[in-house]
Amino acid sequence: EGEAVAIAGSSDFSYDYMAYGDGMLFVATSNSIEAFDIDTLKSIGKVTGSFNYYHPVQYNKGYVICNGNIFRVNKNSENVLEKVGDFPIGGDNFCWSQGAFVGDYFYVTATNNIYCVDYKINPVVYSYSFDPDSSASFITGQVCYDEKTGYLYWASYQQNNLYAISINKDGSFDASSYTSTDIGQKSVCAPVVYNNRIYVAGQSGVITVIN
């Protein structure tokens, strides 16, 4: 039988997310991100803000990103989570968005844009607008990067589409490679690439497989 050893998360309707890094557990709620020591589960720092109800939190090499907000992690400082630059990224609207770390950059989608961000200082280095003529307000999901092909993949909740674009050696987007296809269902899940196929789970309860 489990024992509650730390109080964390939301007491109301919300999706709470966790990430681990450098001996710390980060818990993101709709209005806060709190860091806990992984061994003692004692709180060692907290920031408050508006992080939405659908707000995956990610950790990478000393940085935490959640809902377009970037924080530098200082484990032995009074300010464990220190804001990096202006946020949210690109001043955009993030919902269910979880990005991919590729080299020194972080790739994440929001509304009708995919951003390439130097997450250590938080400027948008490159951006690409997909379906810019669409009147739909996109909700996009998790970004997947395939090292073999150099492509980024992500899905859409409103448009039932899977999108793909490759990145150049400097991290910029190769606009000529952009493509999309109808997968017949809404999805905010991260696509999985294996053996020259792309697998996407969605709201219809099926897995779409694309060659």
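If you scan segment 172-190, which residues turn out to be of a type in the set (Val, Ile, Thr) and open to solvent by less than 40 Å² (accessible area, probe 1.4 Å)? Before the answer, list the steps.
Taking segment 172-190 and keeping what is of a type in the set (Val, Ile, Thr), we get 179, 181, 183, 188.
The answer is Ile183, Val188.
Can you say whether Gly9 is touching a Pro at 6+ places or on another chain (Cβ under 8 Å), at pLDDT below 90 and surrounded by fewer than 18 Cβ atoms within 10 Å (Cβ to Cβ), as far as the supplied structure shows? Can you show your working first?
Details: touching a Pro at 6+ places or on another chain (Cβ under 8 Å): no; at pLDDT below 90: yes; surrounded by fewer than 18 Cβ atoms within 10 Å (Cβ to Cβ): yes.
In short, no.
Would you mind stating whether Val125 is open to solvent by 60 Å² or more (accessible area, probe 1.4 Å), of a type in the set (A, V, I, L, M, F, W, C) and in a strand (DSSP E or B)?
Numbers: open to solvent by 60 Å² or more (accessible area, probe 1.4 Å): no; of a type in the set (A, V, I, L, M, F, W, C): yes; in a strand (DSSP E or B): yes.
No: the conditions fail for Val125.
Across segment 36-92, which residue is least open to solvent (accessible area, probe 1.4 Å) among those that are more than 20 Å from the chain's Cα centre (by Cα), under 21 Å from Tyr20 (Cβ atoms) and of a type in the set (Asp, Glu)?
Asp37
Have a look at Asn168, Asn196 and point out the one that is over 24 Å from Cys66 (Cα atoms) and either open to solvent by 70 Å² or more (accessible area, probe 1.4 Å) or of a type in the set (Ser, Thr, Tyr) (or both). I'd like the intermediate steps shown before the answer.
Working: Asn168 fails: either open to solvent by 70 Å² or more (accessible area, probe 1.4 Å) or of a type in the set (Ser, Thr, Tyr) (or both).
Selected residue: Asn196, the only one of Asn168, Asn196 that is over 24 Å from Cys66 (Cα atoms) and either open to solvent by 70 Å² or more (accessible area, probe 1.4 Å) or of a type in the set (Ser, Thr, Tyr) (or both).
Could you please let me know if Val102 is under 16 Å from the mean Cα position of the chain (by Cα), closer than 19 Å to Lys120 by Cβ, modelled with pLDDT of 95 or more and of a type in the set (A, V, I, L, M, F, W, C)?
Working: under 16 Å from the mean Cα position of the chain (by Cα): yes; closer than 19 Å to Lys120 by Cβ: yes; modelled with pLDDT of 95 or more: yes; of a type in the set (A, V, I, L, M, F, W, C): yes.
Taking the combined requirement at face value, the residue satisfies it.
Only one of (1) crowded, with 16+ Cβ neighbours inside 10 Å; (2) modelled with pLDDT of 90 or more; (3) of a type in the set (S, T, N, Q) fails for Ser97. Which number is that?
(2)
The values are calculated or read from the model by the stated rules, or taken from the named source; none is laboratory data. From a predicted model like this one, the values you see are computed outputs, not experimental measurements. Positions of Cβ are generated from backbone atoms using ideal geometry, with glycine treated the same way; all protein chains shown enter the neighbour counts. For the accessible areas, the whole protein counts, side chains as well, though only heavy atoms, and no ligand, DNA or RNA atoms are used. Shrake-Rupley method; radii C 1.70, N 1.55, O 1.52, S 1.80 Å.
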